[in-house]
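Since every read-out is calculated from the coordinates, none of them should be taken as a lab result. Given the structure is predicted, the values throughout are model-derived calculations rather than measurements. Please note: Cβ atoms are built from the backbone with ideal geometry, for glycine as well, and neighbour counts cover all protein chains shown.
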Amino acid sequence: MTADSGGASQVAIVLGTRPEIIKFAPVIKACDRRGVDCLLVHTGQHYSEDLDQVFFDQLELPTPDYNLEVGSRSHGEQTGRMLEGIEDVLDEHAPDVVLVQGDTNSTLAGALAASKSNVDVGHVEAGLRSFDRDMPEEVNRVVTDHIADYLFPPTEETRSHLERESVAGEIVTTGNTIVDSLYEYRDLAAEKSDVLSDLGLQEDDFYLLTAHRAENVDDRESFARLLEGVSRFAAQTGREVVYPIHPRAQSRLDEFDLTLPEEIRTVEPLDFLDFLRLESAAALAFTDSGGVQEETCILGTPCVTLRYSTERPETAYVGANCLAGLDPDDVVEAGSTMLGKDADWDVPFGDGRAAERILDTLAAGVEPDAAEVSP
């Protein structure tokens with residue numbers, strides 16, 4: 001797609017969190033290769049440089065044209081401030097399409113602002129469903145899908161959700177841009193990252209833990225049960241757990257006066273290459289993150305999900321992931337099931353060309369079927 005190709009001449013990308021930066025990186029670079037004017041709007045939803053600017057630097061992405069610096073607030077206040085700021089940007093620039101990704105408050109605000117400004121909306125990673133409306137992310141992704149003019153589901157499963165809901169926009173199955181990113185950067189992470197030696201770790205001799213979801217860490221009992229289950233499994237199998245701790249989770253540990261079990265070592269939030277290296281080298285990952293479920297599946301690391309539902313069921317279908325919930329006995333059982341599992345599963349998220357398919361679709365304008373390729 002180019003500025004005079006008959007498709008969109010200016011694409012605005014709204015993002016605000018680490019996963020959005022990583023998953024939009026291939027799209028931003030594809031715009032650059034094709035000469036498409038890409039207006040980058042950062043909401044500032046992640047307000048720590050450890051979780052933010054370092055990812056732009058390592059992924060060699062341009063500095064955002066706008067940073068709204070919204071920061072951490074209640075869901076309503078945060079989304080409202082984003083909506084106001086994004087609307088101002090769109091009024092000034094009038095792009096042809098706004099792209100949002102995933103299910104964050106930045107995603108919802110970008111889609112709402114574009115819709116109210118009569119700008120087309122494209123939703124990257126559309127159609128994911130946990131079927132748990134208690135999750136704020138589930139509401140965000142459902143609303144965004146029903147606003148969007150272009151929907152880019154990563155798999156046929158996610159496409160089927162959209163078709164059942166009779167969304168109004170055009171649907172094009174593209175694969176997931178996380179595959180594009182990991183295929184590009186995993187070798188660089190192995191070459192450049194010193195995180196294993198810095199932390200005194202040996203490959204395949206430690207577990208990785210990520211836990212930050214509100215329903216897990218904002219409730220003392222839930223957080224304590226999660227930590228107990230992971231630490232019990234680590235103690236039984238004689239491996240250490242490395243926990244790059246999110247600021248939200250650290251504040252809750254302090255607030256609840258929870259003492260971490262000796263098997264779990266917290267470290268500061270990691271940059272993209274270091275975290276990618278840990279995901280690749282871990283014997284097993286425990287997580288409540290949808291993104292980590294995807295990433296470990298792609299990288300060949302078995303995963304245990306510390307939730308009762310997932311919007312990435314494909315990871316479980318292919319045998320890369322197991323839902324455990326929070327009961328310590330169930331966490332231990334799930335860990336035993338997944339530890340040592342051969343990574344012979346098929347990656348269900350595409351072939352690493354999702355960004356190209358997205359831009360092909362936008363170039364085709366209202367003719368997305370011509371751009372569609374099964375991932």
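What is the Å³ per residue value for the convex hull set by the Cα atoms of the stretch 250-375? Before the final figure, lay out each step's value.
Numbers: hull volume 20.1 nm³, N = 126.
Here the figure is 159 Å³ per residue.
Of all DSSP beta bridges in the chain, what percent run antiparallel (nearest 5)?
Numbers: 0 of 38 bridges.
Bridges in the chain are about 0 percent antiparallel.
If the segment from residue 165 to residue 221 were pulled out straight at 0.36 nm per residue, it would be longer than the present Cα-Cα gap by 16.5 nm. Compared with the alpha-carbon gap, the fully stretched path from residue 267 to residue 10 is longer by 88.5 nm at 0.36 nm per residue. Considering only beta bridges that DSSP places wholly inside the stretch 188-338, some 0 percent are antiparallel. For residue 341, the lysines whose Cα comes closer than 29 Å to its Cα, not counting residues fewer than 8 places off in the same chain, are 23, 192. Could you work out how far the C-alpha centroid of the stretch 163-215 sits from that of the stretch 216-260, in angstrom? If we compute the Cα centre of each part, the gap is 21 Å.
Projecting the Cα positions of 126, 31, 222 onto the charge dipole of the chain (unit charges on Cβ atoms of Lys, Arg, Asp and Glu, taken about the Cα centre) puts 222 furthest along the positive direction. Inter-label distance, residue 92 to residue 146: 3.3 nm, where each label sits 7 Å from its Cα along the C-beta direction. Listed values (i) 146; (ii) 121; (iii) 136 include one computed from this model; for volume of the Cα convex hull per residue in Å³ that value carries the label (ii).
Taking the inverse of the average 1/r across all pairs of different Cα atoms in the stretch 188-338, what Kirkwood radius in Å do you get? Kindly include the intermediate steps, with their values, before the conclusion.
Numbers: mean 1/r = 0.0658 Å⁻¹.
So the Kirkwood estimate lands at 15.2 Å.
Taking R0 as 35 Å, what FRET efficiency do you get between residue 132 and residue 57 from their Cβ-Cβ distance, rounded to the nearest 0.05? The formula returns an efficiency of 0.50 here.
Let me check I've understood the local charge: for residue 237, count other residues with C-beta under 14 angstrom from its C-beta, Lys and Arg +1, Asp and Glu -1. What total comes out? Could you put the intermediate results ahead of the total?
On the way: positive: 232, 239, 341; negative: 204, 205, 240, 263, 333.
Value of the local net charge: -2.
A Cβ-based charge dipole, computed about the Cα centre of the chain with Lys and Arg at +1 and Asp and Glu at -1, lands at about 260 debye.
Taking chymotrypsin sites (Phe, Trp or Tyr not before Pro) that fall in a DSSP loop and have at most 15 other Cβ atoms within 10 Å as cut points, what is the longest piece of the chain between them? Please list the in-between numbers first.
Values: sites that count: 47, 131, 308.
Longest run free of exposed loop sites: 132-307.
The angle between the Cα long axis of helix 328-338 and the main principal axis of the chain comes to about 70°, on a 0 to 90 degree scale. For the stretch 32-109 versus the stretch 283-320, the spacing of their alpha-carbon centroids is 27 Å.
Treating the angle as unsigned and between 0 and 90°, give the value, to the nearest 10°, between the Cα long axis of helix 272-281 and the longest Cα principal axis of the chain. On a 0 to 90 degree scale, this one is about 50. Where in the stretch 87-105 does the amide nitrogen come within less than 16 Å of the point 7 Å from the Cα of residue 115, taken along Cα to Cβ? The answer is 87, 98-105. Computing FRET efficiency as 1/(1 + (r/R0)^6) for residue 75 and residue 188, where r is the C-beta to C-beta distance and R0 is 35 Å, gives about 0.45.
For the stretch 188-338, the dipole from Cβ point charges (+1 on Lys and Arg, -1 on Asp and Glu) about the Cα centre works out to 140 debye, to the nearest 20. Helix 177-192 and the longest principal axis of the C-alpha atoms of the chain enclose an angle of approximately 50°.
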